[in-house]
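Every read-out reported here was derived from the displayed coordinates using simple, explicitly stated rules and does not represent laboratory data. Bear in mind that the values here come from a model prediction, so they are computed numbers and not experimental data.
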Amino acid sequence: MKVATNMFGAEGANLIIKANELGLNLNGVVCPFIELSALKNVLRNVTSKTIKVITSKGSIGKWYRYYKMGKIPAKDGDPPRRELSIDWIKNLTSKGNDKHELTALINGKQITLKIHAYPKDTLHTKLYVYDTGFVITSGNITDQGLLLRHLELGILVTEDDNKLEVDIVKHWFENRWNGKERSCLAIRIEKTMDFAKKIIEKVLEKEIKENQKKHGKPEFYFSNRLFCFGCDEGRNGQIITRTVKIENKNYKEIVCEGCDKILSKIRKFMPVLAQEISHEGSIVWRISKKYYNEKNTYLYRYNKFDEVDETISFDITDNGSIDKLIQTLVASKIEGAYICLNCGNVIQSNFQICPYCGISVNKQLIGI
């Protein structure tokens, strides 16, 4: 990660050059105001052959005007400046419906810009999207925005810093490129829910496969007899009773031996919970009310069966609802893109040893 201002001469602030040095390939740009002279400087430092650009209709209008003139005139009121050639632009053409294409030849390399134009009031973001990172900045792609304004600020984030955030930005860009409006929160929930399913399938890979051989391969694992839904009758082994502390209060848990083996493997990836009931196709799980409120974006869809000062409970059945709840509880706890399967904590992808449980993560690391 790198943060920099654009105070020319005071620091190495060109994050585009930094991204290139790191081997990142530029895939897309969002910027309302793009001057051709500044755009040329950006393109000098990229390795990609095709780049998607989202900009304003006003910027595109200026491009066409200068392209017809064959030059960029000096700006009115600016210090004397010679006219700038745009012979590096080999073609600029409309593809219809506010779509355009620019072909550039810079340093002997041909670059194609595929452009979507929006009304200027609908764009404000200044974003560079790479294959494994992104740069977000306050500066437009103008001479002043890239170099001279002392108050411009930018940040470069790579997958080594946070893969989940990079994936969210990449998905946001593709949605915007395709004319769809999706919030980063919606994308985060979708990706973490998929990741949660991946974690469950990895942790219980053996048990799921054995169970599917016996009972078929439905979509729902836990409803398909991974849980017996009758622990109080000892359906799957001896009955175990214990106390579970939630928000400094003890709650009684009842679980049979077989279900406890399954639950113990996934419990580390979920918030603290107590299984109060498992009887005749129904299970009641209790969790912290504070956690429920903090993670309400994930958990709001589940009705609270019972609520007291410190906790709430869910009444879930063997119709598939327990599978969805488990996936949601795991997703609600994910805060990064890599998880240690041994202890369930979020760690960095380049860690060799988990800082929480101390084991080698060579075979105990799973990533989004």
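See the values below:
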{"read-out": "Amide H partners (placed H, <5 Å) of residue 365, local residues excluded", "value": "341"}
{"read-out": "Cα-Cα over 30 Å, subset of 2/109; 206/290; 40/191; 206/324; 197/304", "value": "206/290; 40/191"}
{"read-out": "Whole-angstrom gap from region 165-204 to region 284-324, using each part's C-alpha centre", "value": "23 Å"}
{"read-out": "Helical mean residue ellipticity (222 nm; -39500 (n - 2.57) per DSSP H run of 4+; nearest 500) of the chain", "value": "-9500 deg cm²/dmol"}
{"read-out": "Gyration tensor verdict on the chain (Cα atoms; rounded if a/c is under 1.5, prolate if a/b is larger than b/c, oblate otherwise)", "value": "prolate"}
{"read-out": "Under the Karplus curve 6.51 cos²θ - 1.76 cosθ + 1.60, θ = phi - 60°, whole-Hz ³J(HN,Hα) for region 288-303, x wherever Gly or Pro sits", "value": "5, 5, 4, 5, 4, 5, 5, 9, 4, 4, 8, 9, 4, 6, 9, 5"}
{"read-out": "Cα Rg over Rh - region 34-77, Kirkwood", "value": "1.00"}
